[in-house]
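The values are calculated or read from the model by the stated rules, or taken from the named source; none is laboratory data. Just so we're clear, the structure is a prediction, and the values are computed from it rather than from any experiment. No Cβ is skipped: glycine too gets one built from the backbone with ideal geometry, and neighbour counts run over all protein chains shown. Please note that ligands, DNA and RNA were not included when accessible areas were found on the heavy atoms of the full protein model with its side chains. Shrake-Rupley method; radii C 1.70, N 1.55, O 1.52, S 1.80 Å.
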Amino acid sequence: MTNLEQVQPSQPIQSRFPASLPEPWLNQWNELLEKQTPVERVAWAMENLPGNFVLSSSFGIQSAVMLHMMTQVDPNIPVIVTDTGHLFPETYQFIDELTDKLNLNLQVYSAKQSASWQLARYGEQWNQGEDELKRYNQLNKVEPLERGLTELQAGTWFSGIRRQQSEHRAGLSVVSILRGRFKVHPIIDWTNRDVHQYLTKHGLPYHPLWDQGYVSVGDTHSTRPLTADMDESDTRFNGMQRECGLHTDGGGI
């Protein structure tokens, strides 16, 4: 069973990251981190990887886990959310709820063109095939996130993705390098049961749409609740893509 201990707030940790990274270190680090708890992984990353540290969040179904865990370690850690302009009303309400509950240092980033302007210029890109969907994701998710990480001068960013969520994520390690930054997945090996136990223990909510059958929540135009005849991957983008590009080198897979 995964250790679900509560993180105790601590003094700011000073990074000991060296000026250069020998290539074999990454594999050695992940061998070590696979044996550690999420709390230990966070502490290790903050001691050994370069700052500034940033947490990205989709404010999806189970996002309260990482938001709570990380703010117990660093209450002021910047939390980046990318607003496409097409989120569910419940998602905006969930963002407000968790921001108030956890006193989040919320940093909202959006595409440089508004959702309405994009729709007038490009049409419904999510209905125009996979290439246009990738362009939509690049414009509305990847570019705003990267801009946010750059403006916040992030050397390391944390994410709450898990191996159980998709075929691509099943192959991810605790620590990786993506688009020139270190990326850390503290709960990468957690099961849905681990997530539920953590949320229950700390009195944290699921996304409001969980009760309506949603197992993953993104934009209103490309998210559906799970039904008996569907796989979880079918609930996003009509099964065309599971990744929007944030966690891959590109615009989705």
Label-point separation, L178 to Y92 (7 Å along Cα→Cβ), nm: 2.7 nm
Put a dot 7 Å past each Cα toward the Cβ at T99 and H221; how far apart are the dots in nm? 2.4 nm
Per-q log10 I(q)/I(0), the range 41-135, q = 0.12, 0.21, 0.22 Å⁻¹ (Debye; single scatterer per alpha-carbon; no solvent): -0.51, -1.04, -1.09
When the range 137-198 is reduced to its Cα atoms, the Kirkwood hydrodynamic radius in Å: 12.9 Å
Rounded to the nearest 10 Å², the 1.4 Å probe accessible area of W44 is 30 Å²
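Using 0.36 nm per residue, how much length does the chain from T191 to N52 gain when fully extended, once their Cα-Cα distance is taken away? Each step should come with its number before you reach the end.
Values: separation 139, 0.36 × 139 = 50.04 nm, distance 2.89 nm.
Extra length available between T191 and N52 comes to 47.2 nm.
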Over the range 70-175, calculate the relative contact order: mean separation of alpha carbon pairs under 8 Å at least 6 apart, over the residue count, as a percent. 26 percent
Under the Karplus relation 6.51 cos²θ - 1.76 cosθ + 1.60, θ = phi - 60°, what is the ordered set of whole-Hz ³J(HN,Hα) values for the range 148-154, x standing for Gly and Pro? x, 4, 5, 5, 8, 6, 6
A170-A120 FRET efficiency (beta carbon distance; Förster radius 41 Å; 0.05 resolution): 0.55
Solvent accessible area, Å² - I80, 1.4 Å probe, full protein context: 0 Å²
Accessible area in the full protein assembly, largest first, 1.4 Å probe, for D100, D194, D189: D100, D189, D194
